[in-house]
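The structure appears below as structure tokens.
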Amino acid sequence: MSEDEPPPAFTPTRRTVLKAGAAATATTSLPAWPRAALAAADGTVRISLRVNGTTHEQVLEPRVTLLDALRERLGLTGTKKGCDRGECGACTVLADGRRIKSCLTLAVMQQDREITTVEGLADGEPHPVQAAFLRRDAFQCGFCTPGQIMSAVACVAEGHTGSDDEIRDWMSGNLCRCGCYPNIVAAVRDAAEEMT
């Protein structure tokens, strides 16, 4: 290369991007463990989970997911275990009103939040989203329905129901194996109209 030629442009490679990401992650401080989540001699922790308005004291291993705590410890089996990788949305619950995938969330990290499962929506009468799902026949096998309903509740609360395309976009993290998407979108639209 002569002195008159400009230096070659820098083209990032996959390796340089990964190295930069690792360096940035290493310099980021991690959040502290929640209060009272101190490990006992056997490695378990005592936590307090507030689910559907009720506080549950639990002793469990720190690696227990919120999904497993809900289903196996508290007997709340409405939240489904689908892919166990956060891909299907069947395990969607609300944490302080925000939707989360409980299969990817550790129970110990949720003890200061209000968790709402599908069992906690109805208060004597079906929640407007549940009623809309029934009216619009927005389920077939029903496996994804609890996660779809919880995601729909959040979608309406977040105000993402301006159009069918917007509903589809904001509900895209929940998969329906039976392909009831048009009915699900219609149910979310109906519920949004009723709730606003």
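The values are calculated or read from the model by the stated rules, or taken from the named source; none is laboratory data. None of the values given here were measured: they were computed from a predicted structure. For neighbour counting, all protein chains shown are included, and Cβ atoms are generated from backbone atoms with ideal geometry for every residue, glycine included. In case anyone asks, the SASA skips ligands and DNA or RNA and just uses the protein heavy atoms, side chains included. Shrake-Rupley method; radii C 1.70, N 1.55, O 1.52, S 1.80 Å.
Listed here are the residues, each with its yes/no results for (1) more than 24 Å from G53 (Cβ to Cβ); (2) under 13 Å from the mean Cα position of the chain (by Cα); (3) open to solvent by 30 Å² or more (accessible area, probe 1.4 Å); (4) at pLDDT 95 or above.
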site	(1), (2), (3), (4)
T117	no, yes, no, yes
V156	no, no, no, yes
R177	yes, no, yes, no
P182	yes, no, yes, yes
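Take the residues in the range 149-188 that are assigned to a helix (DSSP H, G or I) and of a type in the set (S, T, N, Q); name whichever of them is nearest to S102 (Cα to Cα). So, considering only residues that are assigned to a helix (DSSP H, G or I) and of a type in the set (S, T, N, Q), the one nearest to S102 (Cα to Cα) is S151. Here A152 clears all of (1) under 24 Å from L66 (Cβ atoms); (2) open to solvent by 10 Å² or more (accessible area, probe 1.4 Å) except the condition numbered (2).
Looking only at the range 184-196, count how many residues are without any contact (Cβ under 8 Å) to a residue 24 or more places away in the chain and under 21 Å from the mean Cα position of the chain (by Cα). Residues flagged as without any contact (Cβ under 8 Å) to a residue 24 or more places away in the chain and under 21 Å from the mean Cα position of the chain (by Cα) within the range 184-196 amount to 1.
Does the range 45-59 hold any residues that are β-branched (V, I, T) and surrounded by fewer than 15 Cβ atoms within 10 Å (Cβ to Cβ), and which are they?
First, pick out the residues of the range 45-59 that are β-branched (V, I, T): 45, 47, 51, 54-55, 59.
Across the range 45-59, the qualifying residues are T54, T55, V59.
A single entry from L74, L94, L70 fulfils the requirement of being crowded, with 21+ Cβ neighbours inside 10 Å and over 11 Å from the mean Cα position of the chain (by Cα): L70.
Step by step: first the residues of the range 134-148, then only those that are in a helix (DSSP H, G or I) and open to solvent by 10 Å² or more (accessible area, probe 1.4 Å), then the one that is farthest from T92 (Cα to Cα). Which residue is that? Step through it out loud before you land on a result.
Applying the first criterion (in a helix (DSSP H, G or I)) to the range 134-148 yields 134-135, 145-148.
Still in the list and also open to solvent by 10 Å² or more (accessible area, probe 1.4 Å): 134-135, 145-146.
Details: L134: 19, R135: 22, T145: 10, P146: 8 Å.
Checked the range 134-148; the qualifying residue farthest from T92 (Cα to Cα) is R135.
Pairs linking a residue in the range 51-63 that is without any contact (Cβ under 8 Å) to a residue 40 or more places away in the chain to a residue that is open to solvent by 60 Å² or more (accessible area, probe 1.4 Å) and not in a strand (DSSP E or B), with Cβ atoms under 8 Å and 6 or more positions apart or on different chains, are H56/R73.
Of all residues being among the polar types (S, T, N, Q) and crowded, with 20+ Cβ neighbours inside 10 Å in the range 158-175, which is farthest from the chain's Cα centre (by Cα)? Just the residue, please. Going through the qualifying residues, I end up with T161.
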